[in-house]
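Working notes, structure below.
The values are calculated or read from the model by the stated rules, or taken from the named source; none is laboratory data. This is a predicted model, so every value here is computed, not measured. When we count neighbours, we look across all protein chains shown, and the Cβ atoms used for this are built from the backbone with ideal geometry, even at glycine. Ligands, DNA and RNA are excluded from the accessible area calculation, which covers all protein heavy atoms including side chains. Shrake-Rupley method; radii C 1.70, N 1.55, O 1.52, S 1.80 Å.
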Amino acid sequence: LETFKRDIAKQAATDYKISQAVSRRFLIADADVARYEQECRAKGRSTASYHLRQLAFPVEGESKDAESAALDKVREAYQSIQTGGLSFAEGVRRFSPDPQDKESGGDLGYLPSEKLAPKVLAAVKDLEPGHASRPLLTGARASVFYVENKRGVRDLLFEEKFFEQKKQLLGELRRS
């Protein structure tokens, strides 16, 4: 265990040093961001992505009553999360009926805006990180979506340049 801890600490220090060296190799100007956004739009690529968590309850039946019951369940569970002082992930682990969601805390990861259903995108696009959507029906589930984080054009451009420069730097280091 001690060897494992030392290895992790060493790897973290190395990763930090590489990250600092790579970040110093480029700057991102507003003009670069505007150009990158135009390129993304021209290629049909997303200019935003959302790190989401989902608390969902199945709609058991096809009637309006079944939809209302599922919406009530998700609304009640979300209120319990808020009043209980739980993080959204802890709340999903406690209240979700889905074993996979319980395990992951409802984590959906980062999703580009074009991968989101229009109803979901409309519910989360104006939310700030740390806020949840209103309950909504998504397919055969009643859901609340929680925004962990958002990445915009500048973040996407930074990430692209960062990995490009990291690959270049590591190649230079290997050659030398």
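With one equal scatterer per alpha carbon and no solvent term, the Debye-computed log10 I(q)/I(0) for the stretch 87-176 at 0.18, 0.20 1/Å reads -0.87, -0.99.
With bins 5 Å wide beginning at 0, the percent of Cα pairs of the stretch 1-99 falling in each bin runs 2, 10, 10, 9, 8, 9, 11, 14, 14, 8, 4, 1.
In the structure displayed, which of 43/150; 43/125; 17/115; 10/102 lie more than 28 Å apart, Cα to Cα?
Values: 43/150 21 Å; 43/125 21 Å; 17/115 34 Å; 10/102 33 Å.
The pairs that break the limit, which is 28 Å between Cα atoms, are 17/115; 10/102.
Solvent-accessible surface of the chain, taken per residue with a 1.4 Å probe and all protein chains present: 64 Å².
Compute log10 of I(q)/I(0) for the chain with the Debye formula, placing one identical point scatterer on every Cα and leaving out solvent, at q = 0.13, 0.15 Å⁻¹, to two decimals. Each listed q maps to, in turn, -0.84, -0.96. Cα convex hull, the stretch 103-150: 85 Å³ per residue, rounded to a whole number.
Oblate is the label for the stretch 1-56, because a/c, from the alpha-carbon gyration tensor with a ≥ b ≥ c as root eigenvalues, is 1.5 or above and a/b does not exceed b/c.
How high is the relative contact order of the chain, given as a whole-number percent (alpha carbon pairs under 8 Å, six or more residues apart)?
Working: 223 pairs, mean separation 52.6, N = 176.
With pairs under 8 Å counted, the relative contact order is 30 percent.
Available extension along the chain between residue 102 and residue 31 is 21.2 nm, counting 0.36 nm per residue and deducting the alpha carbon span.
What is the calculated FRET efficiency for residue 87 to residue 21, with r their C-beta to C-beta distance and R₀ = 30 Å, to the nearest 0.05? Numbers along the way, then the final one.
Numbers: r = 34 Å, r/R0 = 1.14.
According to the calculation, E is roughly 0.30.
In whole angstrom, how far apart do the alpha carbon centroids of the stretch 1-79 and the stretch 93-120 sit? After rounding, the separation between the Cα centres reads 11 Å.
In deg cm²/dmol, rounded to 500, what helix-only [θ] at 222 nm does the chain give when every DSSP H run of at least 4 residues adds -39500 (n - 2.57) and the total is split over its residues? Show your work: numbers first, answer last.
Values: 7 runs with 99 residues, N = 176.
Calculated at 222 nm, the ellipticity per residue is -18000 deg cm²/dmol.
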